[in-house]
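What follows is a single structure, written as structure tokens, with notes after it.
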Amino acid sequence: MSSLASEKAVIAVAAHCTEDELVVVLADGRTISTPLSWFPRLREADPESRGNCQLMAGGRGIHWPDLDEDIAVLGLLEGIKAH
């Protein structure tokens, strides 16, 4: 699969944080989760600030306006592969 094709396939349709994880639902039906320990700003934030997230760039990223934090969805998958 080409890089461009894989980037198009990695689109988030929803995201939320639990007490310990960032959980992202992808357009293709997959759900991925990563530990909040990977993201110090999210880990240290209060639940209300963690809960205030928005999808950006057509679902290619997640933004937390209260925390000035942005995470690329493709980067999450690459991070999961590395761990």
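The values are calculated or read from the model by the stated rules, or taken from the named source; none is laboratory data. The shown structure was predicted, so the numbers you read here are calculated from the model rather than taken from an experiment. Note that each Cβ is placed from the backbone with ideal geometry, even for glycine, and that neighbours are counted across all protein chains shown. For accessibility, only protein heavy atoms count, side chains too; no ligands or nucleic acids. Shrake-Rupley method; radii C 1.70, N 1.55, O 1.52, S 1.80 Å.
In loop segments of the range 26-78 as defined by DSSP, there are no GluC sites (Glu not before Pro) with at most 10 further C-beta atoms inside 10 Å of their C-beta.
Full extension of the chain between Trp38 and Glu78 yields a length gain of 13.1 nm, computed as 0.36 nm times the residue separation minus the alpha carbon distance. With an a/c value of 1.5 or above and a/b larger than b/c for the gyration tensor axes a ≥ b ≥ c computed over the alpha-carbon atoms, the chain is described as prolate.
Element breakdown for the chain at a 1.4 angstrom probe: carbon and sulfur atoms account for 52% of the accessible area. Structure remark: mean-square fluctuation, Gaussian network model of the chain, C-alpha springs under 10 Å; the largest value among Ile71, Ile62, Ile11 belongs to Ile71.
For the chain, the solvent-accessible area of protein heavy atoms averages 60 Å² per residue (probe radius 1.4 Å; ligands and nucleic acids excluded).
Measure nothing but the geometry: give the 0 to 90° angle between the long axis through the Cα atoms of 73-82 and the longest principal axis through the Cα atoms of the chain, rounded to 10°. Taking the Cα atoms of the chain, the angle to 73-82 is about 90 degrees. Remark: the range 11-83 carries a charge dipole of roughly 340 debye about the Cα centre, counting +1 on each Lys and Arg Cβ and -1 on each Asp and Glu Cβ.
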